[in-house]
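Step one of this worksheet: look at the structure below.
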Amino acid sequence: GPSPMTASNAAAFHQGLAAAHAGNFERAFAIAQSMLARDANDVHAFQIIGIANLLQGRNHEALDAFIRANQLAPRQPPILHWIGVLMRERGDFVQARTAFSLAAELAPENPEHLANLAETLVLMGARDEARKAFEKAVQIAPPSSIVIAKAARFFEQSHDLERAGELAERAYALAP
């Protein structure tokens, strides 16, 4: 399995992510490479590489990094989330559905995974399953205005305007 997260490793991980999010990709990759020099199987280094590539629109490289991270640390919801997003982006809805389903199962407190699953199910034409996933997502506490807004949009497109209106009001109340 993956090596345990040491304090210095945690600091490097957070510095690498921060650099990537700040657009300093050279620094992000340098931090990831130094982590890999210490441990060639450092799952957190592959996550930094994945995020840095993703933020540059290099989805193929990002997916490769997240798949490697998933091989090293299977069943980690954040890694599965990004695999799902990238698989859906490339039109591989079956793989995306698998990743989001597992993430939702492993992190039932996070409505994002269910919302992503629901959006993927819509793309697959499985609207009844999508409806169930959205309904489950909007029940999770604490509520997420983003998830509730996505569900409202789904119900609006499904012509269930009463449910869409309820959810839209709820999303607005959470984040006006």
Phe46 is checked against (1) closer than 30 Å to Ala137 by Cβ; (2) part of a helix (DSSP H, G or I); (3) open to solvent by 50 Å² or more (accessible area, probe 1.4 Å) and fails just one. What number does that condition carry?
-> (3)
Determine which single condition Gly23 fails, assuming it passes every other condition in (1) surrounded by 13 or more Cβ atoms within 10 Å (Cβ to Cβ); (2) in contact (Cβ under 8 Å) with a residue 24 or more places away in the chain.
-> (1)
Look through Leu72, Leu106 and report the one residue that is open to solvent by 20 Å² or more (accessible area, probe 1.4 Å), in contact (Cβ under 8 Å) with a residue 60 or more places away in the chain and either aliphatic (A, V, I, L, M) or touching a helix residue (DSSP H, G or I) at 6+ places or on another chain (Cβ under 9 Å) (or both).
-> Leu72
Would you be able to say whether some residue in the range 83-97 is surrounded by fewer than 21 Cβ atoms within 10 Å (Cβ to Cβ), of a type in the set (Gly, Ala, Ser) and assigned to a helix (DSSP H, G or I)?
-> no
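A quick yes/no check of all residues on (1) under 21 Å from Ala11 (Cα atoms); (2) not aliphatic (A, V, I, L, M):
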site: Glu26; (1), (2): yes, yes
site: Leu36; (1), (2): yes, no
site: Gly57; (1), (2): no, yes
site: Ala65; (1), (2): yes, no
site: Ala73; (1), (2): yes, no
site: Gln76; (1), (2): yes, yes
site: Leu80; (1), (2): no, no
site: Ile83; (1), (2): no, no
site: Asp92; (1), (2): no, yes
Does Gln56 satisfy the condition of being at pLDDT 95 or above and more than 17 Å from Ile79 (Cβ to Cβ)?
-> yes
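The values are calculated or read from the model by the stated rules, or taken from the named source; none is laboratory data. Note that the coordinates shown come from a computational prediction; the quantities given were computed from them, not determined experimentally. No Cβ is skipped: glycine too gets one built from the backbone with ideal geometry, and neighbour counts run over all protein chains shown. Accessible surface areas use protein heavy atoms only, side chains included; no ligands, DNA or RNA. Shrake-Rupley method; radii C 1.70, N 1.55, O 1.52, S 1.80 Å.
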